[in-house]
Each structure stands twice: as C-alpha cells, then as structure tokens.
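**Q** The structure under discussion is supplied below as structure tokens; questions concerning it will follow.
The values are calculated or read from the model by the stated rules, or taken from the named source; none is laboratory data. These numbers were taken from a predicted model, which means no experiment stands behind them. Every residue, glycine among them, receives a Cβ derived from its backbone with ideal geometry; neighbour counts consider all protein chains shown. With ligands, DNA and RNA removed, areas are computed over all heavy atoms of the protein, side chains included. Shrake-Rupley method; radii C 1.70, N 1.55, O 1.52, S 1.80 Å.
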Amino acid sequence: MLSRIVSTAVFGVDAFEVSVETDISPGLPMFTIVGLPDAAVKESQHRVQAAIKNSGFSFPNRRITVNLAPADVKKEGAAFDLPVAVGIVSAFGNLPPAACRERVLLGELSLDGGLRPIRGAVSMALTARKAGVKALILPRANATEAALVEGLPVYGVETLTEAVRLLKGELPLEPTRVNVSEIFARAAVHEVDLAEVHGHDHAKRALEVAAAGGHNLLMIGPPGSGKTMLARRLATILPPFTLDEALEATRVHSVAGTLGPDKPLVATRPFRSPHHNVSEAGMIGGGTFPRPGEVSLAHNGVLFLDELPEFRRDVLEGLRQPLEDGVVTIGRARTTLTFPARFMLICAMNPCPCGFYGDPRHPCTCTPLGIRRYRSRISGPLLDRIDLHVEVPALKYDELTPHRPGESSTDVATRVYAARVAQRKRFADLQRRQPVYCNAQMSARDVKQFCPVDAGCSGFLRTAVERLGLSARALHRVLKVARTIADLEGEAKIQTPHVTEAVQYRSLDRIT
C-alpha cells in the first residue's frame, strides 16, 4: 500500500515542496526513512511510532519505507513528523488517499500525539500557496503566523487525531484568520520617545537625517553621554512598516525561531543589538545548516553595535557585503545560500580606550599611540560605508535639566515620513531587480542622476575632498546625505548649505 503526502522544507529563508511517499509492504518489521534526512528527521520514526499508537491508531507491524523527494536535497528539522504519521495512517487504510490530496501538512509530534510548533511557517505557507494547494495543516501555535499569507486556507490543529479527523471531514474547523491592521495598531505604540533625550540637538538632527535617508550612523562620545539612549529611539522616528516589509522580516525571524506565539508578525522595524563578543557566524549567519545571523534578523530595521572597536576584526569586515548589497551570501561545498540583510547600521564608540579624550571634565589617560591603535580597529573601508560620523559630548547639568521638553518622536517622524515619500516618488520609475526605496540605497549611477550640484557646491566639495582626504565612496555618501537633507527641507535641488551640513557629518575623516 502506498500513500503520498505533500509537505515543505526550509532552505535558507525560502522553502521548497517535499513529497512524503510512504510504502507499507509485507516482510520483517522495519521503519526506514530515505531521501537525505538529517539526524532530526531520522529520529522521527521513534516519535511517529509512539504518536500513532498513543493516538489510538494501529501501527502496522510490517516493512515501512518513507521517501522524502526530491532525494538529492538535504532535509532537516522535525516538521516532517506529521506528514510521515498521516502517510502511515493513510497507507494502512485508516484514511482515504483522496483526503490528503492538495493538502500540505507540517508539524513536529510529541510522543502522546500532540503537535509542537515548527520554524519557518511563513516561508512554508508562501510555498504552499505557490503550489496551489487547497489547505495548509500545521500546529495551532503556528497557525496565526502562517495565516498572514493571503489566499491560502490555514488550519491549526493540536494533535495527530485532530489532523486525521480534519482530513476525513469529521472535524468542523474554520480556517485561521488574522487582523493585520489590529496587529500593526498594537505594535505602533513605543515605550520610549525622543523627547526624553535632553540636549544633543546636533546628534538628534543627525539621527533624523539618518532615518530620513536610511543612512548608517556612527556616534562618538564618552561613556554615559547618551549614545545608546539616542540609538534606541531611532525606531520611534522611522517610517512605519508596510505589509510586504513586515512579511520579509517575519520570514527571517520565523526561520530563526524568534517569533513567539503572541507575536506572529514582526510589525515594528527590528532593532538588534548583539554583544561585542558575537562570532562571525552569529553576526553574518552560517552553521552546519546555515541560519540567519544578526544582520538578517535586522532586515528592514536597525543593527546597533555598541562599543564598535571591541568587536572582532573579522566580524566587522564581514559587514562589508551586506552594507553594499543588502544580502548575505553563505557558500557551502554543495550549495550557496542568500539571506536578506538590508538594514541601517548604527554604531557607538568611545573616542579612546579610557573614553575621555576631549572631555574637559575628565582627563584622558591614553597615549597618542594608544588612541591611534584603538581607532585603527575600525578599518577605513568600513568607515567609508558609514554615512554620518557624529560627536556626542557629555552634557552639563543645565543641559540635563531643560525648562521645556524636546521635540517628540511623532513630530520628527512626520518630517521623516514626508522625506521618504518624496524619495519613493523619485525612484518609482527605476526598473531593476533591487528597487531603491531610500537615498542610502542609490548606486553610483543613481547618485549621478539624482544628486547633481551647481558650481558653488562643486567647488566646496573639491575643497572638502582635498582637505579631508575623502575617498570616492565617501564622496558619494556625502552627496546621498546632502540629497536627504534637501528632501527634509522640501528642496528639489541640492544647495550649498545641504552639502556643508553633509560634510560636517564626516568627523572621523578630518585630518588632525
């Protein structure tokens, strides 16, 4: 007797269709799973056997062969438990084969027949919809997450028995529905506000420029000056998520297993802040079965690196490709995986090892050589990829206790959103595989087209390049920042004050 169940498997952040073929034939009792299964898939035979018996079904005392096709692609994870168990029940005659047609089954089984949540439900649901199936059946804990994919009926079940009864038509169960607008509305409330940051008008202006254009930002200042406080409030002024952006981020977090049962959708822009002892695989992604790293978990959001020089050199240099391309490519012997990694990089660092270089109230104990060595931990190519360098000095008491509150995040976010709308209109006609959504994503050709300068601006830029020693990449980033400043001012053309302000945000390029 033979049965065929359709399932899916995750490969990177995408999923592909897997056919679970089950054959029960006479012979010595044996349970074999073929088709390049990993250890977790091989162990499923013990979970499946116990789950079938404890769910009240008869387990066939015969030769059982399960094939996971295509057989030349490695299968990993425990999501094949449910389709294998249903395939055995169907092949043994307890379920009509026609009941399983055009259904996709996913789920990890416990020994008592219960279903545990799985990873990558969003990617699997997208693949199921593309295959044109009639329904997706998976653990109830993943049902809300998978139901975000429109046009695909999703049924969440809690046990193997419920899955079999649903396929037989004996269990009246409605498809899971999600109110996306309600999820976005709940997530739109922030616990912090930019008005809580006193002083630092220059740094807050730089934060606004960075948010308006999607630019990378580096803040330099002594300990306790407010760098982390500023960085954590960046998310409150960024443009709200669109549904497409939210689904892209949710796919990555679903594969990584960071979504909770009460958080089926990443409805706010991710803010990732890894510790400086993070490994290269933890930052960029990788492993025996490659998983998304911090740069991918920050996709469409913010990656904050505090104490930047304390990160390992190989970890920092690994940021070059995602900063330029918006993706991470991980090569293995048999395949190559690509993870999305388009994010804003926000960094913070002390000016010297002791942290008080240039602070009038605390003497610096570092030698000039020690300061140079400390700053040289950040390579020139990486600094070139950071658009804005801003100094965040320590504040005096009078600046910490102002008589009136600062500008709120809502007010700043309004200007940022208006600037982003102008940029989307500007780039709407560009035909490319990787669309441009903000000024920071412009290529060299785009900079030439959208960032023209007059003779006065050109002369000022010439002087800046000669005195600061700017590279060609740094010059392009100055023009991108100037374009963003002009957008915030509602100006169609880049003017000299916009270029002047953009150059001021290159403090680490100044020759001392």
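**Q** Okay, helix-only estimate at 222 nm for the chain: each DSSP H run of n ≥ 4 adds -39500 (n - 2.57), divide by all residues, round to 500 deg cm²/dmol; what do you get? Numbers along the way, then the final one.
**A** Working: 22 runs with 194 residues, N = 512.
Helices in the chain give a 222 nm mean residue ellipticity of -10500 deg cm²/dmol.
**Q** Roughly how many debye, to the nearest 20, is the charge dipole of segment 442-511 about its Cα centre, given +1 on each Lys and Arg Cβ, -1 on each Asp and Glu Cβ, and no other charges? The partial results should precede the final answer.
**A** Numbers: 11 positive and 8 negative charges, 65 e Å.
So the dipole magnitude of segment 442-511 works out to roughly 320 debye.
**Q** For Arg63, which sequence-distant residues (separation of 5 or more, or a different chain) have an amide H within less than 5 Å of its own amide H, given hydrogens modelled in the peptide plane?
**A** For Arg63, whose amide H was placed from the backbone, the distant partners under 5 Å are Ser25, Gly27, Met30.
**Q** Something else now. On the protein heavy atoms, probe 1.4 angstrom, tell me the percent of accessible surface of segment 136-225 carried by carbon and sulfur.
**A** Percent of accessible area from carbon and sulfur atoms in segment 136-225: 48.
**Q** Something else about it: Kindly provide the GluC sites (Glu not before Pro) of segment 129-188 that DSSP labels as loop, not H, G, I, E or B, and whose Cβ sees at most 12 other Cβ atoms within 10 Å. Don't skip to the end; give the middle numbers.
**A** Numbers: sites: Glu145, Glu150, Glu158, Glu162, Glu170, Glu182; in loops: Glu150, Glu158, Glu170.
In loop regions of segment 129-188 (DSSP not H, G, I, E or B), the sparsely surrounded GluC sites (Glu not before Pro) are Glu150, Glu170.
**Q** What relative contact order, as a whole-number percentage, does segment 442-511 give when Cα pairs under 8 Å and 6 or more residues apart are counted?
**A** On the way: 57 pairs, mean separation 28.4, N = 70.
Reported as a whole number, the value is 41 percent.
**Q** In percent, what relative contact order does the chain have, based on Cα pairs under 8 Å that are 6 or more apart in sequence?
**A** On the way: 1001 pairs, mean separation 66.5, N = 512.
Relative contact order of the chain: 13 percent.
**Q** Could you please state, rounded to a whole Å, how far the C-alpha centre of segment 339-384 is from the C-alpha centre of segment 27-47?
**A** 54
**Q** Still on this model: To the nearest 10 square angstrom, what accessible area does Glu108 show with a 1.4 Å probe?
**A** About 50 Å², ignoring ligands and nucleic acids.
**Q** Computed FRET efficiency, Cβ-Cβ of Lys53 and Lys130, R0 45 Å: what is it to the nearest 0.05?
**A** On the way: r = 36 Å, r/R0 = 0.79.
Computed FRET efficiency for Lys53 and Lys130: 0.80.
**Q** Please give, to one decimal in nm, the separation of the simple spin-label points placed at Ser443 and Lys425, each 7 Å out from Cα toward the Cβ.
**A** Using points 7 Å along Cα→Cβ, the separation is 2.5 nm.
**Q** Enumerate the amide H contacts of Val18 below 5 Å, restricted to partners 5 or more residues apart or on another chain; note that Pro and chain-start residues carry no placed amide H.
**A** Ser7, Thr8, Ala9
**Q** Where does helix 201-213 land angle-wise versus the long Cα axis of the chain, in degrees 0 to 90, nearest 10?
**A** Roughly 50 degrees between the two axes.
**Q** Rolling a 1.4 Å sphere over the protein heavy atoms, what is the accessible area per residue of the chain, to the nearest Å²? Intermediate values should be presented prior to the final figure.
**A** Details: 23530 Å² over 512 residues.
In whole numbers, the chain has 46 Å² accessible per residue.
**Q** Further question on the same structure: Which ³J(HN,Hα) values, rounded to whole Hz and listed in residue order, are derived for segment 182-198 from phi using the Karplus coefficients 6.51, -1.76 and 1.60 in 6.51 cos²θ - 1.76 cosθ + 1.60 with θ = phi - 60°, glycine and proline given as x?
**A** For segment 182-198, the Karplus curve yields 5, 5, 5, 5, 5, 7, 6, 8, 9, 7, 10, 8, 5, 5, 6, 8, 8 Hz.
**Q** Still on this structure, I have one more. Compute the distance in nm between two label points, each set 7 Å from the Cα along the Cα-to-Cβ direction, one at Asp72 and one at His46.
**A** With each label point 7 Å from Cα toward Cβ, the separation is 3.3 nm.
**Q** Write out the GluC sites (Glu not before Pro) in segment 415-504 meeting two conditions: DSSP loop, and at most 14 other Cβ atoms within 10 Å of their Cβ.
**A** Details: sites: Glu466, Glu489, Glu491, Glu501; in loops: Glu491.
Those that pass, being in a loop and sparsely packed, are Glu491.
**Q** Amide H to amide H under 5 Å from Arg291: which residues, 5+ apart in sequence or cross-chain, H placed 1.01 Å off N in plane?
**A** Excluding prolines and chain starts, which carry no amide H, the hits are Gly286.
**Q** If R₀ is 51 angstrom, what is the calculated FRET efficiency for the pair Arg165 and Thr329, using the beta carbon separation as r and rounding to 0.05?
**A** Details: r = 45 Å, r/R0 = 0.88.
Efficiency for this residue pair is about 0.70.
**Q** If you take the charge dipole of segment 185-428 about its Cα centre, with +1 on Lys and Arg Cβ and -1 on Asp and Glu Cβ, which of Cys366, Tyr417, Gly199 is farthest toward its positive end?
**A** Sorting the options by dipole projection puts first Tyr417.
**Q** Order of 8-16, 282-290 by packing, highest average Cβ count within 10 Å first?
**A** On the way: 8-16: 22.2, 282-290: 18.8.
Sorting 8-16, 282-290 by mean packing, highest first, produces 8-16, 282-290.
**Q** State the percentage of accessible surface on segment 442-511 attributable to carbon and sulfur atoms; use a 1.4 Å probe and exclude ligands, DNA and RNA. Don't skip to the answer; put the middle values down first.
**A** Working: 1790 of 3530 Å².
Ligands and nucleic acids excluded, carbon and sulfur give 51 percent.
**Q** Ok, one more. Loop only by DSSP, 11 or fewer other Cβ within 10 Å of the Cβ. Give me the trypsin sites (Lys or Arg not before Pro) in segment 65-137 that pass, ordered by residue number.
**A** Working: sites: Lys74, Lys75, Arg101, Arg103, Arg119, Arg129, Lys130, Lys134; in loops: Lys74, Arg101, Arg119, Lys134.
Here the sparse-neighbourhood loop sites are Lys134.
**Q** So what J values fall out for segment 91-97 if you push phi through Karplus, 6.51 cos²θ - 1.76 cosθ + 1.60 with θ = phi - 60°, rounded to Hz, Gly and Pro as x?
**A** 5, 7, x, 8, 8, x, x
**Q** Quick check: the distance between the Cα centres of segment 262-289 and segment 90-150, to the nearest angstrom?
**A** 27
**Q** How far, in nm, would the chain grow between Thr338 and Thr242 when pulled straight, counting 0.36 nm per residue and subtracting the alpha carbon separation? List each step's numbers first, then the result.
**A** Working: separation 96, 0.36 × 96 = 34.56 nm, distance 2.27 nm.
Computed gain between Thr338 and Thr242 is 32.3 nm.
**Q** Once you put a point 7 Å from the Cα of His202 and another 7 Å from the Cα of Glu182, both along the Cβ direction, what distance in nm separates them?
**A** Here the answer is 4.9 nm between the modelled labels.
**Q** Using a Förster distance of 41 Å, how high is the FRET efficiency between Arg473 and Ser408, based on the Cβ-Cβ distance and rounded to 0.05? Walk me through the numbers before you get to the answer.
**A** On the way: r = 35 Å, r/R0 = 0.86.
Once rounded, the FRET efficiency stands at 0.70.
**Q** On the full set of protein chains, 1.4 Å probe, figure out the accessible area of Arg342 and give it in Å² to the nearest 10.
**A** Counting only protein heavy atoms, Arg342 exposes about 60 Å² to solvent.
**Q** Ranked from the most accessible area to the least, with a 1.4 Å probe and all protein chains present, what is the order of Arg483, Arg269, Arg140? Spell out each step's value before the answer.
**A** Working: Arg483 10, Arg269 40, Arg140 105 Å².
These residues rank, largest area first, as Arg140, Arg269, Arg483.
**Q** Could you order Leu28, Leu316 by accessible surface area, starting with the largest, using a probe radius of 1.4 Å? Before the final figure, lay out each step's value.
**A** Working: Leu28 130, Leu316 0 Å².
Heavy-atom accessible area, descending, gives Leu28, Leu316.
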